[in-house]
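S.K.: Mind having a look at this structure? Questions to follow.
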Amino acid sequence: MPRRGGNRTQGAHRPSRASSHGIFLQNSDAALGDFFQDRSGFSHNPFNPAWKEFHRLARYLQWDQEEKAAEKQAFKDVLVKTFNVTYGTDENSLESWKALCRSLRI
């Protein structure tokens, strides 16, 4: 779905700032849960916002800058996949827009 005043990325929709704070992307999504479960010994809290959990994971595993950058890209890919599965990729789909608006409570 297009973002206001911005360019669209073909084939994948970027999660908005709201998703990074856990407002409408459910942290219980399988791909997102798998991202955290694949990290050894980390106790993931699916009720926390996804980005908060990512930063907590980075501190827990004591990633250096290079590791964190690589993991951050993988995490962003998972967020995009989660968004696309949840809301679809058809920017003309009224049902997708309705679902997004419901999640945002607008």
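The values are calculated or read from the model by the stated rules, or taken from the named source; none is laboratory data. Source: prediction; values computed, not measured. Heads up, the Cβs are rebuilt from the backbone with ideal geometry, glycines too, and the neighbour counts pull from every protein chain shown. The area values use the complete protein model at the heavy-atom level, side chains included, leaving out ligands, DNA and RNA. Shrake-Rupley method; radii C 1.70, N 1.55, O 1.52, S 1.80 Å.
S.K.: Subtract the Cα-Cα distance of N48 and D90 from 0.36 nm times their separation in residues, and report this length gain in nm to one decimal. Don't jump to the answer; show the numbers that get you there.
M.R.: Numbers: separation 42, 0.36 × 42 = 15.12 nm, distance 2.83 nm.
Between N48 and D90, full extension yields an extra 12.3 nm.
S.K.: To one decimal place, what Kirkwood hydrodynamic radius in Å is obtained for region 54-97 from all pairs of distinct Cα atoms?
M.R.: On the way: mean 1/r = 0.0826 Å⁻¹.
Averaging 1/r across every pair of different Cα atoms and inverting gives 12.1 Å.
S.K.: Which chymotrypsin sites (Phe, Trp or Tyr not before Pro) in region 43-106 pass both tests, a DSSP loop state and at most 14 other beta-carbon atoms within 10 Å?
M.R.: Numbers: sites: F47, W51, F54, Y60, W63, F75, F83, Y87, W97; in loops: F47, W63.
Loop-located and lightly packed - F47.
S.K.: How do E95, E53, E66 stack up against each other in accessible area, from largest to smallest, with a 1.4 angstrom probe?
M.R.: Values: E95 110, E53 0, E66 150 Å².
From most accessible down to least: E66, E95, E53.
S.K.: Karplus couplings for region 43-50 from phi (6.51 cos²θ - 1.76 cosθ + 1.60, θ = phi - 60°), rounded to Hz, Gly and Pro as x?
M.R.: Whole-Hz 3J(HN,Hα) from phi for region 43-50: 9, 6, 9, x, 8, 7, x, 4.
S.K.: Using the Karplus curve 6.51 cos²θ - 1.76 cosθ + 1.60 with θ = phi - 60°, what ³J(HN,Hα) values do you get for each residue of region 85-93, in whole Hz, with x for Gly and Pro?
M.R.: Whole-Hz 3J(HN,Hα) from phi for region 85-93: 5, 6, 10, x, 10, 8, 5, 9, 7.
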